[in-house]
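Trainee: Below is a structure I'd like to ask you about.
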There are 2 protein chains.
Amino acid sequence: MSAWTESVRSVKGVILDMCGVLYDSGEGGGVPIEGSVEAVKRLKASDLQLRFCTNETQATREKFVAKLCRMGFEINVSEVFPPAPAVVSVLKQRNLRPHLLVHDDVVPEFDGVDKSNPNCVVIGDAADNFSYENMNAAFRVLIGLEKPVLFSMGRGRYYKETDGLKLDVGVYMKALEYACDVEAEVVGKPAPMFFQTVLNDMGLQPHEVFMIGDDLVNDVGGAQQCGMKGLQVRTGKYRPSDERHPTVTADGYVDNLAAAVDAILKHRCP
Amino acid sequence: MSAWTESVRSVKGVILDMCGVLYDSGEGGGVPIEGSVEAVKRLKASDLQLRFCTNETQATREKFVAKLCRMGFEINVSEVFPPAPAVVSVLKQRNLRPHLLVHDDVVPEFDGVDKSNPNCVVIGDAADNFSYENMNAAFRVLIGLEKPVLFSMGRGRYYKETDGLKLDVGVYMKALEYACDVEAEVVGKPAPMFFQTVLNDMGLQPHEVFMIGDDLVNDVGGAQQCGMKGLQVRTGKYRPSDERHPTVTADGYVDNLAAAVDAILKHRCP
C-alpha cells in the first residue's frame with residue numbers, strides 16, 4: 001500500500017462518484033462493478049459519513065437512485081448530490097428562465113421552473129439529444145441574448161458505457177462556448193461550490209474527507225482543489241495514462257472501490 | 001468613402017468569399033445577394049485577377065460551382081478553392097487514412113483516398129451528420145490513436161442560411177479537440193497556407209490583393225495576416241458588433257459586394 005493510507009487515519013467521511021465506481025452504465029441501466037455493492041454496505045456499517053456526488057444528468061434523482069437500488073445498492077435519495085437540483089436553485093436565485101438541452105428523463109427536475117421566453121441555456125449529458133438541430137436551437141437562444149448565459153451540468157469529456165466510450169456534456173459545453181464566445185458556468189464536479197454543498201451536508205472539514213472517483217480531473221482534481229484527498233479507481237473511464245497526467249496526481253490509485261474500502265477500513269483510527 | 005479606397009490604387013487581384021457574399025444559402029441551394037451576379041461580371045470584365053476562396057464543404061467543387069451557375073454566376077471550377085481538395089493532398093503527402101465526418105455530398109472528393117483502418121479524422125461542415133452517434137464514432141477513432149490527428153476544414157463558428165444561423169465546423173472541431181486534448185490542423189480559411197495557395201495561383205503578392213468576405217475573423221483577419229487587405233461586407237453573417245471587434249479590424253466595411261466592386265473599379269489606377 002502506498003503513502004495515502006497514512007492519511008486515512010483521520011478520515012471521517014467518504015464521498016463516492018457513482019458511474020464508473022459503483023457501476024458501468026449501458027443498455028438496461030448498467031451493471032454493478034464487482035465488489036462495489038458489498039463495499040458500499042461496509043462503508044454504511046462503519047461510522048464514516050457517506051455521500052454520493054455525481055454529474056449524472058440522464059434521470060431525476062429519484063429514478064437514478066431507484067436504478068441503483070435495483071442493482072443491489074443501498075442508497076437513499078437524500079445521500080445523492082447531482083447537478084440538476086443545484087442548477088434549479090441557481091436559476092431561481094437569479095430569476096433565470098432556461099432553454100434546456102438535456103436528456104428527456106431529467107426534464108422533470110425542472111418542472112417548477114419558468115421556461116418561457118428563455119434568457120439562458122442549461123445543458124446536461126443529453127446523449128442522443130445532442131443533435132445538430134438541438135445544438136442549433138440552443139445556439140440561437142444564446143446568440144440572441146445581449147449577454148449569453150450558459151450553464152453546464154459538469155464539464156466531463158467522456159464516460160464509459162458497456163458498449164464503449166461516449167462523449168460527455170463538457171464537449172458540447174466547449175462547442176457552445178466557442179460558438180458564442182462565452183464561458184459556461186459549470187454546476188457539478190469539479191466546481192468547488194458543488195463539492196462544498198456536499199461537505200456542508202456532512203458537517204465535515206475537507207481534510208477529513210476522501211473523494212473516490214474514476215475521473216482524474218473532475219473527481220480527484222476537483223476534490224483536491226477543495227482540500228480533500230482524492231483516490232482514483234482503476235475502473236470506469238480510468239486509463240493507464242491517467243497515472244502520468246501532467247497536472248493532476250491522485251493521492252492514491254486503487255484497483256476498484258472494494259480495494260479502496262478495504263484499505264480505508266483497515267488503516268483508519270476509529 | 002473611407003481610407004481603404006486609397007489602397008485600392010495598386011490592387012491587381014480580388015479574392016471573394018462565396019456564401020454570404022455572393023449568395024445566402026438555404027433550402028433549394030440559396031439565393032443570390034442583390035447585385036452580386038452583376039458585380040462578379042464587372043470584375044471579370046476588368047483586368048483584375050479573380051479567385052473564389054471558400055470553406056464550403058457540403059458539396060464537391062463541381063456540384064458547388066454548378067449550383068452557383070444556376071443562380072446566374074459565371075464561375076469556373078478552376079477559379080474556386082475549397083478545403084476538401086487541399087485536405088486530400090495533405091492526406092496523400094503524409095500517408096494518412098481518414099475517418100470522415102463530413103457532409104454526404106462532399107464524400108466523392110475523397111474517392112481516391114484509402115479510408116481503411118483510419119489513422120486520422122477529417123471533419124467538415126457535416127450539418128445534420130453532426131449527430132451524437134457520428135461524433136462518438138469520430139471520437140473513438142481519435143482516442144484510440146496513440147497520437148490523435150484531427151483535420152478541420154475551416155474553423156468557422158456559424159453561418160447564415162435563409163432560415164437562420166447554423167453552427168459551423170469550428171464548433172465541432174472545438175468539441176473534439178476538448179474531448180481528446182488535441183489541437184486540430186485547420187485546412188481552409190483562416191489558415192495562411194490555404195490563402196497562399198490561392199495567391200500562388202494568381203501569381204500575385206499579398207499587398208496586391210483584396211479579400212472580400214462576410215466573416216470578420218476567417219476572411220478578413222485571415223487575409224490580413226497574410227499581408228492582404230480585407231474588406232467586410234454587411235451581408236451574410238455580418239453583425240454590427242463586428243465593427244467593434246476586439247482584435248480584428250477590417251480595412252473597410254461595405255454594404256455588399258456590389259458596393260465593394262463599385263469602389264474598387266472607381267478608385268483603382270488601371
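Trainee: Of everything in the stretch A:92-121, what is assigned to a helix (DSSP H, G or I) and either basic (Lys, Arg) or touching a residue at least 60 places away in the same chain (Cβ under 8 Å) (or both)? Give them in sequence order.
Mentor: A:92
Trainee: So if I check each of B:154, B:170, which one is open to solvent by less than 10 Å² (accessible area, probe 1.4 Å), more than 7 Å from chain A (Cβ to nearest Cβ) and touching a strand residue (DSSP E or B) at 6+ places or on another chain (Cβ under 8 Å)? Write out each step before concluding.
Mentor: Values: B:170 fails: more than 7 Å from chain A (Cβ to nearest Cβ).
Testing whether each residue is open to solvent by less than 10 Å² (accessible area, probe 1.4 Å), more than 7 Å from chain A (Cβ to nearest Cβ) and touching a strand residue (DSSP E or B) at 6+ places or on another chain (Cβ under 8 Å) leaves just B:154.
Trainee: What is the one condition in (1) in the same structural domain as residue B:148 (by TED's automatic domain parsing); (2) open to solvent by 20 Å² or more (accessible area, probe 1.4 Å); (3) in contact with a Gly (Cβ under 9 Å, 6 or more places away or on another chain); (4) of a type in the set (A, V, I, L, M) that residue B:182 does not satisfy?
Mentor: Exception for residue B:182: condition (3).
Trainee: Still on this structure, I have one more. Would you pick out the residues in the stretch A:99-115 that are open to solvent by 60 Å² or more (accessible area, probe 1.4 Å) and under 29 Å from residue B:159 (Cβ atoms)? Spell out the reasoning first.
Mentor: Applying the first criterion (open to solvent by 60 Å² or more (accessible area, probe 1.4 Å)) to the stretch A:99-115 yields A:104-105, A:108, A:111-112, A:114-115.
Once the filter is applied, which keeps residues that are open to solvent by 60 Å² or more (accessible area, probe 1.4 Å) and under 29 Å from residue B:159 (Cβ atoms), the stretch A:99-115 yields only A:115.
Trainee: Let me ask something additional. Check whether at least one residue in the stretch A:88-96 is within 19 Å of the chain's Cα centre (by Cα) and assigned by TED's automatic domain parsing to the domain that holds residue A:210, and report yes or no.
Mentor: If we filter the stretch A:88-96 for residues that are within 19 Å of the chain's Cα centre (by Cα), which is where we start, we get A:88-90.
Those left that are additionally assigned by TED's automatic domain parsing to the domain that holds residue A:210: none.
No: the stretch A:88-96 contains no residue that is within 19 Å of the chain's Cα centre (by Cα) and assigned by TED's automatic domain parsing to the domain that holds residue A:210.
Trainee: Next question, about the same structure. Which of the residues spanning the stretch B:70-87 are open to solvent by less than 20 Å² (accessible area, probe 1.4 Å) and in a helix (DSSP H, G or I)?
Mentor: Initially, the stretch B:70-87 is screened for residues open to solvent by less than 20 Å² (accessible area, probe 1.4 Å), giving B:73, B:75, B:80, B:82-84, B:87.
B:83, B:84, B:87 - these are the residues of the stretch B:70-87 that are open to solvent by less than 20 Å² (accessible area, probe 1.4 Å) and in a helix (DSSP H, G or I).
Trainee: I'm told residue B:117 meets every condition in (1) touching a Pro at 6+ places or on another chain (Cβ under 8 Å); (2) away from every other protein chain (no Cβ under 11 Å) except one. Can you identify the failing condition by its number?
Mentor: Tallying (1) touching a Pro at 6+ places or on another chain (Cβ under 8 Å); (2) away from every other protein chain (no Cβ under 11 Å), residue B:117 fails exactly one: (1).
Trainee: Starting from residues that are under 22 Å from residue B:168 (Cα atoms) and modelled with pLDDT of 95 or more, keep the ones in the stretch B:38-59 and report whichever is surrounded by the fewest Cβ atoms within 10 Å (Cβ to Cβ). Outline the logic, then answer.
Mentor: Of all residues in the stretch B:38-59, those under 22 Å from residue B:168 (Cα atoms) come to B:52-59.
Filter once more, so that each one left must be modelled with pLDDT of 95 or more: B:52-54.
Details: B:52: 24, B:53: 27, B:54: 22.
Top of the filtered list is B:54.
Trainee: Counting just the residues of the stretch B:157-167 that are closer than 21 Å to residue A:169 by Cβ and not basic (Lys, Arg), which one comes out surrounded by the most Cβ atoms within 10 Å (Cβ to Cβ)?
Mentor: Quick first cut of the stretch B:157-167, residues closer than 21 Å to residue A:169 by Cβ only: B:157-158, B:167.
When the remaining residues are screened for being not basic (Lys, Arg), the result is B:158, B:167.
Details: B:158: 21, B:167: 24.
Top of the filtered list is B:167.
Trainee: Condition first: closer than 18 Å to residue A:125 by Cα and of a type in the set (Lys, Arg). Now tell me which residues in the stretch A:24-80 satisfy that.
Mentor: A:61, A:63, A:67
Results for (1) under 19 Å from the mean Cα position of the chain (by Cα); (2) free of Cβ contacts under 8 Å to residues at least 60 places away in the same chain, shown as yes or no for each residue.
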site: B:36; (1), (2): yes, no
site: B:42; (1), (2): no, no
site: B:51; (1), (2): yes, no
site: B:59; (1), (2): yes, yes
site: B:64; (1), (2): yes, yes
site: B:68; (1), (2): yes, yes
site: B:76; (1), (2): yes, yes
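Trainee: Further, regarding this structure: I'd like to know if the stretch B:128-140 contains one or more residues that are open to solvent by 10 Å² or more (accessible area, probe 1.4 Å) and either away from chain A (no Cβ under 11 Å) or over 26 Å from residue A:135 (Cα atoms) (or both).
Mentor: no
Trainee: Does any residue of the stretch A:190-201 turn out to be within 10 Å of chain B (Cβ to nearest Cβ) and buried (at least 20 other Cβ atoms within 10 Å of the Cβ)?
Mentor: no
Trainee: Could you list, in sequence order, all residues of the stretch B:19-37 that are open to solvent by less than 90 Å² (accessible area, probe 1.4 Å) and part of a loop (DSSP other than H, G, I, E, B)?
Mentor: B:20, B:21, B:22, B:26, B:30, B:33, B:35
Trainee: Here's a check for you: in the stretch A:141-151, which residue that is in contact with a helix residue (DSSP H, G or I) (Cβ under 7 Å, 6 or more places away or on another chain) and open to solvent by 20 Å² or more (accessible area, probe 1.4 Å) is nearest to the other protein chains (Cβ to nearest Cβ)?
Mentor: Filtering the stretch A:141-151 down to residues in contact with a helix residue (DSSP H, G or I) (Cβ under 7 Å, 6 or more places away or on another chain) leaves A:142-143, A:148, A:150-151.
Then keep just the ones that are open to solvent by 20 Å² or more (accessible area, probe 1.4 Å); that gives A:143, A:148.
Working: A:143: 6, A:148: 13 Å.
The extreme case among them is A:143.
The values are calculated or read from the model by the stated rules, or taken from the named source; none is laboratory data. Remember, it's a predicted structure, so these values are computed and weren't measured experimentally. Cβ atoms come from the backbone with ideal geometry, glycine included; neighbour counts cover every protein chain shown. For accessibility, only protein heavy atoms count, side chains too; no ligands or nucleic acids. Shrake-Rupley method; radii C 1.70, N 1.55, O 1.52, S 1.80 Å.
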